[in-house]
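Q: I'd like to ask some things about the structure below.
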């Protein structure tokens, strides 16, 4: 089976390469793309004998990613690009009837409704590679969606679980980047600290599984071993467990409906000692609530949420705003967002508008 | 859908009646059978408007249960008879192509290989109603058995979890009957205290799922909320959770592949506080190991195990032997068991032989 890996130098991309290494030739790489790390891209291309590569920061072809994503010789695109940039190649791949192993949260957050409709229309398939949605996807196999009472997404609670608002006032970038369970890129690690990652996943689940938001729930699970739980109408639950290793989700997406032997080490539940679950602390982690409100508002509101979040997180990483200001900036931007119809043009416009507006909000904070 | 409930006055039978009450006419009862509780049988028959009833302790027709189990108007037989007596009507039902919602452990333990072959041959279906096997059955839907690395059966560990052998020396019947999590009949409650129930379930799983014993594992889980876990070859796991209420399994068996809305209250995982898993204490609870040995030995050895267990448990309940003597008596009986081919006649012979032999072992203990 041939695949394209877009975003091959990030943490998801490199985990995908490990899955390919272990596949004993079952998975072959047709093409690789990266944003700016030319040295890594060339190393990966050489290891896997890949001739088609794209370095998006250098290419003069604005459709280079779309071309890789629609390459007739591939079956699956691993979409491991972070942020809004994944949107166009994802759309192209689905229109070409490809399976998209989708690790990017933002594409579904901003236009999940459009993407799932596109997939259905063109025979494309979205398999979520987020560990939570992949967990739910696995637990739902063999069960009809009508039997679902609740889909429960779990989250570790991040490095600041249990902290009060006043304690959160002074947290540093280093503290926010020190995630207790998952090793990920900086943007997603900050999203885990604010719990915006759960907010984005909540919106994502809405579209991946086609369920209304009263059937979606988030629980905090500090051990990060249960990634998703399906609660059925009869009161039974199926929970998916694996080590906090993205290879569990990636390998399932690539092998589906089969499984890769030994993709990850199975958990030792005795050594795990205990599994605990807590309600979300909505008061001290307002990002979850902002995401839920954006989903309820609909239209381009999730796009504005996502763009404002990217902008605010970058400002935090650049030491321009404090940790608590991240949610304040998103809320402020979201409040002034225009109502617009949901189409690709409006989404791009709303994205650009929100980045600009959030920057203004950040600047006005400093003066 | 019409069903027959054999063993309608025991705890599984009465839970089945509750499922039927809640089904709003979806499930209708064609017939009811009980062993000796005439008053309860007649009360249930009257409530559900059932004309065909059998009281096995009183009937002169030795094939009365087989007749109910093969009644052309029913789709499903709920086999809620405790012990070896369930075997003949189970065989009859499977030969008639019925679905058997099988709550009885012994039928599968003594001739699981024969029953699953019969079911396949005649288009019958066994849906396990044991909570552990039903949990695994649910978790396996949509996944091929070739993807399974381990099936993990959980057990609460019973009332004596953590006790040493010297502490177990003096336990009373009342203590053994005081199960921390499940409300069940006395025979099964004692099996839970010796952990023989897990041993029997281990053998049962061998046949229900057609997997060799190196793919079966038992874990102690004191909270009794996770009932079964499927570990796949890629390292992912799916765990089934529900309250410790047999209606979860019974309703699934009756509604399969659908589900009964509101069959049980879903768990509140936050209130549950924690889920823990421990290895089995094989040293102080030798019954698990006896069952595993009997399965390895094969042939009629599981039948001998089961019959000796029934005999020894009854002797314990009759205050004839101590708690620790239960496993001693089973072991002694098992050691002297003859090797025999596996056919129905040999099983009946081995059952009778083992009951006699175990009685002798018990008597020789007292003199």
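The values are calculated or read from the model by the stated rules, or taken from the named source; none is laboratory data. All of these numbers come straight from a predicted model, not from anything done at the bench. For neighbour counting, all protein chains shown are included, and Cβ atoms are generated from backbone atoms with ideal geometry for every residue, glycine included.
Q: Residues to consider are B:163, B:198, B:181; find the one that is within 29 Å of residue B:311 (Cα to Cα), within 15 Å of the chain's Cα centre (by Cα) and away from chain A (no Cβ under 14 Å).
A: Within the list B:163, B:198, B:181, the selection yields B:198.
Q: Any idea which of B:330, B:321 is assigned by TED's automatic domain parsing to the domain that holds residue B:211, crowded, with 19+ Cβ neighbours inside 10 Å and assigned to a loop (DSSP other than H, G, I, E, B)?
A: On the way: B:330 fails: assigned to a loop (DSSP other than H, G, I, E, B).
After applying the criteria, what remains is B:321.
Q: Continuing with this model, one more query. Here are some conditions: (1) over 20 Å from residue B:210 (Cα atoms); (2) at pLDDT 95 or above; (3) within 14 Å of the chain's Cα centre (by Cα). Residue B:135 meets all but one. Which one does it not meet?
A: (1)
Q: What about residue B:185, is it crowded, with 24+ Cβ neighbours inside 10 Å, modelled with pLDDT under 95 and within 26 Å of residue B:14 (Cβ to Cβ)? Walk me through how you get there before you give the answer.
A: On the way: crowded, with 24+ Cβ neighbours inside 10 Å: no; modelled with pLDDT under 95: yes; within 26 Å of residue B:14 (Cβ to Cβ): yes.
In short, no.
Q: With the structure loaded, tell me whether residue A:344 is under 24 Å from residue A:166 (Cα atoms), over 19 Å from the mean Cα position of the chain (by Cα) and in the same structural domain as residue A:201 (by TED's automatic domain parsing) or whether it fails that test.
A: Details: under 24 Å from residue A:166 (Cα atoms): no; over 19 Å from the mean Cα position of the chain (by Cα): yes; in the same structural domain as residue A:201 (by TED's automatic domain parsing): yes.
In short, no.
Q: Taking the stated definitions as given, is residue B:151 under 24 Å from the mean Cα position of the chain (by Cα) and within 13 Å of another protein chain (Cβ to nearest Cβ)? Write out each step before concluding.
A: Details: under 24 Å from the mean Cα position of the chain (by Cα): yes; within 13 Å of another protein chain (Cβ to nearest Cβ): yes.
Here the answer is yes, as residue B:151 does meet what is asked.
Q: While we're on this one: Can you name the residue in the range A:250-262 that is at the interface with another protein chain (Cβ under 7 Å from one of its Cβ atoms) and surrounded by 21 or more Cβ atoms within 10 Å (Cβ to Cβ) and is also nearest to residue B:145 (Cα to Cα) among such residues?
A: Result: A:259.
Q: Now a separate question. If I ask for residues that are surrounded by fewer than 16 Cβ atoms within 10 Å (Cβ to Cβ), within 21 Å of residue B:229 (Cα to Cα) and touching a residue at least 24 places away in the same chain (Cβ under 8 Å), which ones from the range B:279-294 would you list?
A: B:279 - this is the single residue of the range B:279-294 that is surrounded by fewer than 16 Cβ atoms within 10 Å (Cβ to Cβ), within 21 Å of residue B:229 (Cα to Cα) and touching a residue at least 24 places away in the same chain (Cβ under 8 Å).
Q: Please determine whether any residue of the range B:218-225 is surrounded by fewer than 23 Cβ atoms within 10 Å (Cβ to Cβ), within 8 Å of chain A (Cβ to nearest Cβ) and in contact (Cβ under 8 Å) with a residue 12 or more places away in the chain.
A: Within the range B:218-225 (the criterion being surrounded by fewer than 23 Cβ atoms within 10 Å (Cβ to Cβ), within 8 Å of chain A (Cβ to nearest Cβ) and in contact (Cβ under 8 Å) with a residue 12 or more places away in the chain), the answer is yes, since at least one residue qualifies.
Q: Right, something else. Here is a list of conditions, (1) free of Cβ contacts under 8 Å to residues at least 60 places away in the same chain; (2) more than 7 Å from every other protein chain (Cβ to nearest Cβ), and residue A:247 meets all of them except one; can you say which number that is?
A: Against the list (1) free of Cβ contacts under 8 Å to residues at least 60 places away in the same chain; (2) more than 7 Å from every other protein chain (Cβ to nearest Cβ), residue A:247 comes up short only on (1).
Q: Keeping to the range B:347-367, report how many residues are surrounded by fewer than 17 Cβ atoms within 10 Å (Cβ to Cβ) and farther than 17 Å from residue B:326 by Cβ. Full working, then the answer.
A: Narrowing the range B:347-367 to residues surrounded by fewer than 17 Cβ atoms within 10 Å (Cβ to Cβ): B:349, B:352, B:356, B:360, B:363-367.
Next, from what is left, pick out any that are farther than 17 Å from residue B:326 by Cβ: B:349, B:352, B:356, B:367.
The number of residues fulfilling the criteria is 4.
Q: For the range B:83-93, which positions are touching a strand residue (DSSP E or B) at 6+ places or on another chain (Cβ under 6 Å) and without any contact (Cβ under 8 Å) to a residue 60 or more places away in the chain?
A: Passing the criteria: B:90, B:93.
Q: Could you check how many residues of the range A:263-291 are in a loop (DSSP other than H, G, I, E, B) and either more than 29 Å from residue A:14 (Cβ to Cβ) or more than 7 Å from every other protein chain (Cβ to nearest Cβ) (or both)? Before the answer, list the steps.
A: Start the filter on the range A:263-291 by keeping residues that are in a loop (DSSP other than H, G, I, E, B), which leaves A:263-268, A:273-274, A:276-277, A:279-285.
Narrowing further to those that are either more than 29 Å from residue A:14 (Cβ to Cβ) or more than 7 Å from every other protein chain (Cβ to nearest Cβ) (or both): A:268, A:273-274, A:276-277, A:279-285.
Summing the residues that are in a loop (DSSP other than H, G, I, E, B) and either more than 29 Å from residue A:14 (Cβ to Cβ) or more than 7 Å from every other protein chain (Cβ to nearest Cβ) (or both) in the range A:263-291 gives 12.
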